[in-house]
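Engineer: Just dropping this structure here.
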Amino acid sequence: MQQISTEVLVVGGGTGGVAAAIQAARRGVATTVVSEFSWLGGMLTSAGVCAPDGNELAAWQTGLWGKYLRELQKKQSGGLDNAWVSLFTYHPQVGAKIFANWVRELPNLNCIYNYKPLAVVKQGNKITKVEFEDFVVTAKVIIDATELGDLLALAQIPHRWGWELQAEFNEPSAPVAHNQLTAKYPVQAPTWVFMLQHSNNSQNFYTLKDSSPFRDAWASYGAETFLNYGKLQNNLYMINWPIVGNDYGENLNRLIASETEAKQFLAEAYQHSYDFAVYIQSQLPNYSMATNIFPQSQLNSAFALHPYYRESRRLKGKTTITENDILPIANGCVAPLPINANGEVSAVAIGNYANDHHYPGFDFSLQPKSIRWGGRWTGTPFTIPYEALVPESTEGLLVCEKNISVSHIANGSTRLQPVVMNIGQAAGMAAALCIEANCQPQKLSVRKLQEALLTDKDAPAGVVPLYNLPPEHPQWLYWQRYYLDSPQDYPVDGNCPTNCASETTANGNYYRGTFHNVGDGEYAITLKEPQNNISRWQLITLNSTVNERLQSYWEGKEIFVVGRFNLAGNWFIAEAILS
């Protein structure tokens, strides 16, 4: 069996794993990443969720997530404004090529594809090796970036799977006692994403024996809105539909049982999605399975390489993120900054998505954490503490996917692609710093890690959420450091002193129209020259300066704006207001 030695080993090439590997290698340490699949990127590529959620505001587009967005904007023909579920949609092959190019640029990063971990070797309390079918990798620091937290099980590291009751963490949305929902769904349901294409010559699928599981899937929306949910460029449609759609959660414990049971679940999940595709075509005959989307040998190339896993085994780390850590401060617009046992702010990544859970057939209400900002709903920003990436005692290991130390409830916000990507960046940087300092992850200085993230030469990553301070602002680094050193001054509205706001570079066309204050933080514009035969558009922005101006304008004011249109959402996205 081949023996491979490296400084940092990343097991799993998904969203967090590829970010961790790239960051560690860019820092200069010898890095190996072993991916279960032939594409890197996980949720963003191989799982087909190419309409990512969260971290959409300009201020949150930092680190590798921000760099990924900028690469997509350059490489995706037709732009990213096509769907209404996300402000960024793209062909998954484009995303996969971006990651492949980044990896290719790093001679100290070794990528191995199509292997799963089989065993972990420990010396005392330290993980030293991971065994695969044809080789063994020895490393100084190992990062578990697998989709289901495989190393946690193989190494018998304390971890969670399933619900915590309210008594454990005092989470307002957690159940007081186990019930029918917790019994049926120990974790959130995965989805096997697939792509449709518009075609006047659609192929015929087999006839469903029973279409009832999908009946009325889009009845409350209409067919066009349903399809535009995940619309991509070139008449492609990502189907990741939660309402009697392709979420699948029958006996989810099989995923972490035997290999045979896991394969059985995967076969059923794939068939469920295939059946949903058949049902869609039976109702909408001009839509068929897309071709040549994913590199498949056995499955249809319209289907992702694996399901979109929303939840995993979850580490019992030095600290656990709970619902109370992601909800806004009283009368505020941000979550509290995490303070560790040393009295330091321990934030290493920013997230902001609403707390979103998927249980087919059940409506599960959660404590709201969304706010109106920039003319649309967005989520309250929160941060990921470094201690959630570190085991309580096991040495030589970090985690960086849905397997971080988080409660089942809070996982609904921490599982999204942008925050996972920047968690991966933090884990990769931490691993590299541990190599440089010859220390274990438990002993790494959090402040040193934060400084390295903030000053990274390729993709500086923010760690403190500040609405009105985009990463290109000249005072961005100063205020990031300031609130790390003076957390007592962190503003509950998430805004720096007003002179910090600035206009970002506007990319779009110039338009003139009449401003409308719809109320409750919603705005509209009636254009002097209609676009696509539409005069009135919902007016939204991701830019803090534009947001401040919209808040100050009165009904009927004539404005001149620079921006772009999203037909699926009927949005005009303003990047600058000229008057």
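Engineer: What number of residues within the stretch 111-126 are out of contact with any helix residue (DSSP H, G or I) (no Cβ under 9 Å at 6 or more places or on another chain), touching a residue at least 24 places away in the same chain (Cβ under 8 Å) and part of a strand (DSSP E or B)?
Structural biologist: 4
Engineer: Turning to a different aspect of this structure: Of all residues in the stretch 25-36, which are buried (at least 24 other Cβ atoms within 10 Å of the Cβ) and more than 21 Å from residue 435 (Cβ to Cβ)?
Structural biologist: 35
Engineer: Still on this structure: One residue is enough: does the stretch 406-413 have a residue meeting the conditions open to solvent by less than 40 Å² (accessible area, probe 1.4 Å), small (Gly, Ala, Ser), out of contact with any helix residue (DSSP H, G or I) (no Cβ under 8 Å at 6 or more places or on another chain) and under 30 Å from residue 308 (Cβ atoms)?
Structural biologist: Going through the stretch 406-413, the residues open to solvent by less than 40 Å² (accessible area, probe 1.4 Å) turn out to be 406-413.
Among the residues that remain, those that are also small (Gly, Ala, Ser) are: 407, 410, 412-413.
Now narrow it down to the ones that are out of contact with any helix residue (DSSP H, G or I) (no Cβ under 8 Å at 6 or more places or on another chain): 412.
The next check asks that each one be under 30 Å from residue 308 (Cβ atoms); those that pass are 412.
Checked the stretch 406-413: at least one residue is open to solvent by less than 40 Å² (accessible area, probe 1.4 Å), small (Gly, Ala, Ser), out of contact with any helix residue (DSSP H, G or I) (no Cβ under 8 Å at 6 or more places or on another chain) and under 30 Å from residue 308 (Cβ atoms).
Engineer: Taking interchain pairs and intrachain pairs at least six residues apart, which have beta carbon atoms under 8 angstrom, with the first residue in the stretch 474-487 and within 18 Å of residue 63 (Cβ to Cβ) and the second surrounded by fewer than 14 Cβ atoms within 10 Å (Cβ to Cβ)?
Structural biologist: These pairs meet every condition: 477/455; 483/489.
Engineer: Restricting attention to the stretch 388-423, which residues are farther than 25 Å from residue 66 by Cβ and of a type in the set (Gly, Ala, Ser)?
Structural biologist: Passing the criteria: 393, 396, 405, 407.
Engineer: If you don't mind, there's one more thing I want to ask. Taking the stretch 352-378 as the search range and keeping residues that are aromatic (Phe, Trp, Tyr) and buried (at least 20 other Cβ atoms within 10 Å of the Cβ), which one is nearest to the chain's Cα centre (by Cα)? Outline the logic, then answer.
Structural biologist: Looking only at the stretch 352-378, we keep the residues that are aromatic (Phe, Trp, Tyr), and these are 353, 359, 362, 364, 373, 377.
Subset that is buried (at least 20 other Cβ atoms within 10 Å of the Cβ): 353, 373.
Details: 353: 9, 373: 20 Å.
Filtering first and then ranking leaves 353.
Engineer: Quick one: would you say residue 170 is open to solvent by 60 Å² or more (accessible area, probe 1.4 Å), of a type outside the set (A, V, I, L, M) and over 30 Å from residue 130 (Cβ atoms)?
Structural biologist: Values: open to solvent by 60 Å² or more (accessible area, probe 1.4 Å): yes; of a type outside the set (A, V, I, L, M): yes; over 30 Å from residue 130 (Cβ atoms): yes.
The answer is yes for residue 170.
Engineer: Further question: Across the stretch 264-275, what is the total count of residues that are in contact with a Lys or Arg (Cβ under 9 Å, 6 or more places away or on another chain) and open to solvent by less than 20 Å² (accessible area, probe 1.4 Å)?
Structural biologist: Selection size over the stretch 264-275: 1.
Engineer: Another question about this same structure. In the stretch 49-83, what count of residues is obtained for those that are among the hydroxyl-bearing types (Ser, Thr, Tyr) and open to solvent by 10 Å² or more (accessible area, probe 1.4 Å)? Write out each step before concluding.
Structural biologist: Initially, the stretch 49-83 is screened for residues among the hydroxyl-bearing types (Ser, Thr, Tyr), giving 62, 68, 77.
If we keep only those that are open to solvent by 10 Å² or more (accessible area, probe 1.4 Å) as well, we get 77.
Residues flagged as among the hydroxyl-bearing types (Ser, Thr, Tyr) and open to solvent by 10 Å² or more (accessible area, probe 1.4 Å) within the stretch 49-83 amount to 1.
Engineer: Then there's this: Could you tell me whether residue 105 is of a type outside the set (A, V, I, L, M, F, W, C) and under 21 Å from residue 6 (Cα atoms)?
Structural biologist: Values: of a type outside the set (A, V, I, L, M, F, W, C): yes; under 21 Å from residue 6 (Cα atoms): yes.
Yes, satisfied.
Engineer: Could you grab me the full set of residues in the stretch 159-180 that are out of contact with any helix residue (DSSP H, G or I) (no Cβ under 8 Å at 6 or more places or on another chain) and part of a loop (DSSP other than H, G, I, E, B)? Break it down into steps so the answer makes sense when it comes.
Structural biologist: The first filter runs over the stretch 159-180 and keeps only residues out of contact with any helix residue (DSSP H, G or I) (no Cβ under 8 Å at 6 or more places or on another chain), leaving 160, 164-168, 177-180.
Answer for the stretch 159-180, where residues must be out of contact with any helix residue (DSSP H, G or I) (no Cβ under 8 Å at 6 or more places or on another chain) and part of a loop (DSSP other than H, G, I, E, B): 164, 165, 177, 178, 179.
Engineer: Go through the residues of the stretch 226-240 one by one and say whether even a single one is among the β-branched types (Val, Ile, Thr), modelled with pLDDT of 95 or more and open to solvent by 30 Å² or more (accessible area, probe 1.4 Å).
Structural biologist: Initial filter on the stretch 226-240 (among the β-branched types (Val, Ile, Thr)): 239.
With modelled with pLDDT of 95 or more added as a condition, the list becomes 239.
Checking which are open to solvent by 30 Å² or more (accessible area, probe 1.4 Å) leaves us with none.
Within the stretch 226-240, none of the residues are among the β-branched types (Val, Ile, Thr), modelled with pLDDT of 95 or more and open to solvent by 30 Å² or more (accessible area, probe 1.4 Å).
Engineer: Which numbered condition in (1) exposed (fewer than 15 other Cβ atoms within 10 Å of the Cβ); (2) farther than 27 Å from residue 335 by Cβ; (3) in contact with a Lys or Arg (Cβ under 7 Å, 6 or more places away or on another chain) is the only one that residue 555 fails?
Structural biologist: (3)
Engineer: What are the residues in the stretch 351-368 that are in contact with a strand residue (DSSP E or B) (Cβ under 6 Å, 6 or more places away or on another chain) and either of a type in the set (Val, Ile, Thr) or within 23 Å of residue 66 (Cα to Cα) (or both), if any?
Structural biologist: 351, 352, 353, 354
Engineer: I've got another one for you. What's the number of the condition residue 443 fails, among (1) loosely packed, with under 12 Cβ neighbours inside 10 Å; (2) more than 27 Å from residue 341 (Cα to Cα); (3) of a type in the set (Lys, Arg)?
Structural biologist: Every listed condition holds for residue 443 apart from (2).
Engineer: Out of the residues in the stretch 248-263 that are surrounded by 15 or more Cβ atoms within 10 Å (Cβ to Cβ) and not small (Gly, Ala, Ser), which is nearest to the chain's Cα centre (by Cα)?
Structural biologist: Restricting to residues being surrounded by 15 or more Cβ atoms within 10 Å (Cβ to Cβ) and not small (Gly, Ala, Ser), the top hit is 248.
Engineer: Tally time: how many residues in the stretch 48-89 are in contact with a Lys or Arg (Cβ under 8 Å, 6 or more places away or on another chain) and hydroxyl-bearing (Ser, Thr, Tyr)?
Structural biologist: Total meeting the criteria: 1.
Engineer: Kindly check whether there is at least one residue in the stretch 440-458 that is of a type in the set (D, E, K, R), in a loop (DSSP other than H, G, I, E, B) and under 17 Å from the mean Cα position of the chain (by Cα). Give the steps one after another, and end with the answer.
Structural biologist: Of all residues in the stretch 440-458, those of a type in the set (D, E, K, R) come to 443, 447-448, 451, 456-458.
Okay, now just the ones that are also in a loop (DSSP other than H, G, I, E, B), so 456-458.
Applying the additional criterion that residues be under 17 Å from the mean Cα position of the chain (by Cα) yields none.
Checking the stretch 440-458: not a single residue is of a type in the set (D, E, K, R), in a loop (DSSP other than H, G, I, E, B) and under 17 Å from the mean Cα position of the chain (by Cα).
Engineer: Mind counting the residues in the stretch 506-523 that are open to solvent by 70 Å² or more (accessible area, probe 1.4 Å) and outside any strand (DSSP E or B)?
Structural biologist: Residues in the stretch 506-523 being open to solvent by 70 Å² or more (accessible area, probe 1.4 Å) and outside any strand (DSSP E or B): 2 in total.
Engineer: Okay, next question. Are there any pairs, at least 6 apart or on different chains, whose C-beta atoms fall under 7 Å, with the first in the stretch 248-265 and without any contact (Cβ under 8 Å) to a residue 24 or more places away in the chain and assigned to a helix (DSSP H, G or I) and the second surrounded by 14 or more Cβ atoms within 10 Å (Cβ to Cβ) and of a type in the set (Gly, Ala, Ser), and if so, which?
Structural biologist: 254/262
Engineer: To continue, here is another question. Just name the residue that is surrounded by the fewest Cβ atoms within 10 Å (Cβ to Cβ) out of those in the stretch 308-351 that are of a type in the set (D, E, K, R) and outside any loop (DSSP other than H, G, I, E, B). First the steps, then the outcome.
Structural biologist: We begin by selecting, within the stretch 308-351, every residue of a type in the set (D, E, K, R); these are 310-311, 313-314, 316, 318, 323, 325, 344.
The next check asks that each one be outside any loop (DSSP other than H, G, I, E, B); those that pass are 314, 323, 325.
Values: 314: 29, 323: 26, 325: 24.
Among residues in the stretch 308-351 that are of a type in the set (D, E, K, R) and outside any loop (DSSP other than H, G, I, E, B), the one surrounded by the fewest Cβ atoms within 10 Å (Cβ to Cβ) is 325.
Engineer: State which residue is nearest to residue 383 (Cα to Cα) when the search covers only the stretch 453-485 and only residues that are surrounded by fewer than 21 Cβ atoms within 10 Å (Cβ to Cβ) and among the hydrophobic types (A, V, I, L, M, F, W, C).
Structural biologist: 454
Engineer: Please go through the stretch 380-393 and pick out each residue that is surrounded by 24 or more Cβ atoms within 10 Å (Cβ to Cβ) and either part of a loop (DSSP other than H, G, I, E, B) or of a type in the set (A, V, I, L, M, F, W, C) (or both).
Structural biologist: Listed by number, the residues that qualify are 380, 381, 382, 384, 388, 389, 390.
Engineer: Moving to a separate point now. Quick one: how many residues across the stretch 514-552 are in contact (Cβ under 8 Å) with a residue 60 or more places away in the chain and of a type in the set (Gly, Ala, Ser)? Let's see the steps before the verdict.
Structural biologist: Let us first name the residues in the stretch 514-552 that are in contact (Cβ under 8 Å) with a residue 60 or more places away in the chain, namely 520-523, 538-548, 550.
Remaining after also requiring of a type in the set (Gly, Ala, Ser): 521, 544.
The total comes to 2.
Engineer: Take the conditions open to solvent by 10 Å² or more (accessible area, probe 1.4 Å) and touching a residue at least 12 places away in the same chain (Cβ under 8 Å) and apply them to residue 140. Does it pass?
Structural biologist: Spelling it out, residue 140 is indeed open to solvent by 10 Å² or more (accessible area, probe 1.4 Å) and touching a residue at least 12 places away in the same chain (Cβ under 8 Å).
Engineer: Only one of (1) open to solvent by less than 30 Å² (accessible area, probe 1.4 Å); (2) in a strand (DSSP E or B) is not met by residue 528, so which one is it?
Structural biologist: (1)
The values are calculated or read from the model by the stated rules, or taken from the named source; none is laboratory data. In this text, all values refer to a predicted model and were calculated from it rather than measured experimentally. Ideal geometry is used to build each Cβ from the backbone, glycine not excepted, and the neighbour counts take in all protein chains shown. These area figures cover heavy atoms from the full protein model, side chains too; ligands, DNA and RNA do not enter into them. Shrake-Rupley method; radii C 1.70, N 1.55, O 1.52, S 1.80 Å.
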